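The values are calculated or read from the model by the stated rules, or taken from the named source; none is laboratory data. None of the values given here were measured: they were computed from a predicted structure. Ideal geometry is used to build each Cβ from the backbone, glycine not excepted, and the neighbour counts take in all protein chains shown. Accessible surface areas use protein heavy atoms only, side chains included; no ligands, DNA or RNA. Shrake-Rupley method; radii C 1.70, N 1.55, O 1.52, S 1.80 Å.
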Amino acid sequence: MKKTILYLAAAGFCLMACKQGGETKTIAPPDSAAIKMINESSFAEHIRVLASDEFQGRKPFTAGETKSINYLRAQFSRLGLKPGNGDSYFQEVPMVELKSVPESKMIFKGAAGGEVTANYLTDFVAGTRRVQPAVILNNSDLVFAGYGIVAPEFKWNDYAGLDVKGKTVVVMINDPGFADSTLFRGKNMTYYGRWTYKFEEAARQGAAGILIIHDTEPAAYPWSVVRSGWSKSKLQAEEKDNNMSRAIVEGWISMDIARSLLKLGGQSEAIFAAARKPGFKAVDLKLHTSLKITNTIKKSISNNVVAIIPGTKRPQENIIYSAHWDHLGIGEKVNGDSIYNGAVDNATGVAALLELAAAFQKSAHRPERSVVFVSFTGEEQGLIGSEYYAKHPVYPVGQTVADINMDMMGIAGRTRDIVVYGYGQSDLEDYAEVSAKK
Ligand SMILES: [Zn+2]
C-alpha cells in the first residue's frame, strides 16, 4: 500500500490557487465559501456507504467493484460533473493475473566447472511478467552490474559499454546514496533504488534475466517479505505486447547464494564495495544458469472512474485529484468478521475526492484549468489502475500540471502537519510548505 497522505483536504484545495512558476510561492487567499462546502456529515456519509458490508470490501472484479464504481458515477453525476472519458465516467483497465511457479531448484554452473544450487523460496524467488504459459531462461551468462542503474542526471551508468542481450544481470538493491550520502539523494532513496526500476532497466537493456541480491538493511525488509510477496499470484495491467519487452525472468537471490556465486566465479565480496563507487565497470561472473517458469493466467477487466470540471480559460490544461477506490475484499476472519471494509484505506480518500468535487462545483470562482477527478482501481495489488492511467492517459500527461493523490485521510483529528512521502521529487511540496506554515 502506498501511503501518500495529505492530512488536510483544505491544504490540497489551496494548492489550486498558488501562483505558477514564480520565485516566490505566494498563495491566494482560500475561497472560504468553497471550503465551507466541504461538509463533515456528507464526508462521513460517503465513508459509511463505501465501507458498509454491502460493498464487500471493494475488491476489483467483485460485486463490490460494481457497487463502488456505480456509487462514484452517481455522485459525480449528481454533483453535475461531466463524464471524464468521452461520454463515460469509466476507463476500462484490462488486467491479467499471473501465478508464476519456477522450477524448485535453480542451478548455477561455473565456466571452469563446479555448481551452486539455489532452492525456491529459501534461496531464490523468480517470476515473469511475460503473459505466456511458460518461459525458459536458457544457459544465460551472469553479469554483476552494480546497482543496475542508468541515471544521466547523477552521472551514473552501470550498463556503460555493456551488452547484456541474452544475459542475466545480478544487481544490488537501493541506490548509491545509501552507502555514500554525497551520491544521488543520500539516504532519501530515489526511484533508481527500487526493485521495480531495476527490472524495468534490465528489460530496456535487453537482458534475458535479472536477479536482485537481497540485503536486509538497504532493502529495508527481511528475506521473509520477499519470499511471501513472491509466492502469491500477481495482478498486472494487460498490455498489447503481453509484456514480451520485459526480461524473461525477474527475481531475487539471498545474500548467502550471492556469496556462493562470487566464490564459484572466482570473485570476492570486495566487488560490492567497488560497485558502490562511481566509475565501477560491470563484471562477467563466468557463471551461467537456466530456469523454466510455468504460469497460470487469468484475465479480467476493472475500472478507473473519471470525471471532469472543464476549465474556463485553459481547459486543455488540467489538474488531477485522485484516490483509489479499491480495498482488500473478503478474506481471513478477524474476530468473526471476514469483510475488510477499508473505511480509512481508502473510503476516506474517496470521500475527500467527492467533497472536493462538490466544493469546486459550488464555488463562485470557476477554475481556469480543467479539474479532473480520478478514482483508481487495483492500488492494493500494486498501483495497477494508476499505472494503467499513466500509460494510457485520458488527458495528455504534458498538459497535466499536477496530481494530488489522497490515500487515507488523517483520522487523528485536526493537525498542523503535512507529511510528504518521497520528499524532493516534486515542486508541489514547496506550495504545501507555504500552506503548512500559515
Ligand atoms: Zn491505500
**Fill in**
Once phi for every residue in segment 237-248 is put through the Karplus expression 6.51 cos²θ - 1.76 cosθ + 1.60 (θ = phi - 60°), the whole-Hz ³J(HN,Hα) values, with Gly and Pro written as x, are 5, 7, 10, 4, 8, 6, 6, 5, 7, 7, 4, 5
**Message:** Let me check I've understood the local charge: for A247, count other residues with C-beta under 9 angstrom from its C-beta, Lys and Arg +1, Asp and Glu -1. What total comes out?
**Reply:** +2
**Asked** Along the Cα-to-C-beta direction of D53, a point sits 7 Å from the Cα; which residues of segment 340-384 have their amide N less than 19 Å from that point?
**Response** 340-344
**Message:** Using C-alpha positions alone, give me the convex hull volume of the chain per residue in cubic angstrom.
**Reply:** 159 Å³
**Message:** Within segment 299-338, list the residues whose amide N lies under 20 Å from a label point set 7 Å along Cα→Cβ of E368.
**Reply:** 309-321
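Can you say what percent of the DSSP beta bridges in the chain, counting only those with both residues inside, are antiparallel? Round to 5.
Values: 52 of 77 bridges.
Percent antiparallel among DSSP bridges in the chain is about 70.
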**Prompt:** If R0 is 41 Å, what FRET efficiency do you get for V401 and K277 from their C-beta distance, rounded to 0.05?
**Reply:** 0.55
**Fill in**
Expressed in angstrom and ordered largest first, the alpha-carbon extents of segment 105-159 along the principal axes are 40, 35, 22
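Using per-residue counts of other Cβ atoms within 10 Å, averaged over each peptide, order 413-424, 193-204 from highest down. Don't skip to the end; give the middle numbers.
Details: 413-424: 10.8, 193-204: 19.2.
Packing proxy ranking, top to bottom: 193-204, 413-424.
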**Percent of alpha-carbon pairs separated by more than 32 Å within segment 103-297** = 10 percent
**Request:** Treat every Asp and Glu Cβ in the chain as -1 and every Lys and Arg Cβ as +1, leave all other atoms uncharged, and give the resulting dipole magnitude about the Cα centre to the nearest 20 debye.
**Result:** 280 debye
**Asked** Taking amide H positions as placed 1.01 Å from N in the peptide plane, with prolines and chain starts having none, which residues 5 or more places from G311, or on another chain, fall under 5 Å of its amide H?
**Response** S370, V371
**Prompt:** Relative contact order (percent) for the chain, with alpha-carbon contacts under 8 angstrom and 6 or more residues of separation?
**Reply:** 28 percent
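Given the peptides 137-149, 257-269, 36-48, arrange them by the average over their residues of other C-beta atoms within 10 Å, most packed first.
On the way: 137-149: 22.1, 257-269: 18.2, 36-48: 13.9.
The packing order, highest mean first, is 137-149, 257-269, 36-48.
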**Message:** For a quick size check, give me the Cα extents of segment 364-438 along its three principal axes, largest first, whole Å.
**Reply:** 38, 34, 29
**Complete:** Counting Lys and Arg as +1 and Asp and Glu as -1 over every other residue whose Cβ sits under 10 Å from the Cβ of T296, the net charge comes to +1
**Item:** From phi via Karplus (6.51, -1.76, 1.60), per-residue ³J(HN,Hα) for segment 103-117 in Hz, x at Gly/Pro
**Value:** 4, 6, 10, 10, 10, 9, 10, x, 4, 9, x, x, 8, 10, 10
**Request:** Whole Å is fine, so just give me how far the alpha carbon centre of segment 187-216 lies from that of segment 104-123.
**Result:** 21 Å
**Prompt:** Which lysines have a Cα lying under 26 Å from the Cα of K286, excluding residues fewer than 8 positions away in the same chain?
**Reply:** K105, K109, K165, K167, K198, K263, K277
**Message:** Just want the answer: with Cβ charges of +1 for Lys and Arg and -1 for Asp and Glu, which residue in F144, N188, L162 is farthest toward the dipole's positive end in segment 139-196?
**Reply:** N188
**Asked** How big is the antiparallel share of DSSP beta bridges in segment 103-297, given as a percent to the nearest 5?
**Response** 60 percent
**Fill in**
GNM on the chain, Cα springs under 10 Å; top mean-square fluctuation among L235, L50, L183 goes to L183
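Ranked highest first by average number of other Cβ atoms within 10 Å, how do 425-438, 123-136, 349-362 line up? Don't jump to the answer; show the numbers that get you there.
Numbers: 425-438: 14.6, 123-136: 19.8, 349-362: 22.9.
In descending order of packing, they fall as 349-362, 123-136, 425-438.
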**Message:** If DNA, RNA and ligands are ignored and the probe is 1.4 Å, what is the ranking of L98, L328 by accessible area, most exposed first?
**Reply:** L328, L98
**Asked** What number in nm² do you get for segment 239-320 if you take the convex hull of its Cα atoms and divide its surface by four?
**Response** 11.9 nm²
**Complete:** Sorting V226, N243, I257 by the position of each Cα along the dipole of the chain (Lys, Arg +1; Asp, Glu -1; all at Cβ), the one nearest the positive end of that ordering is N243
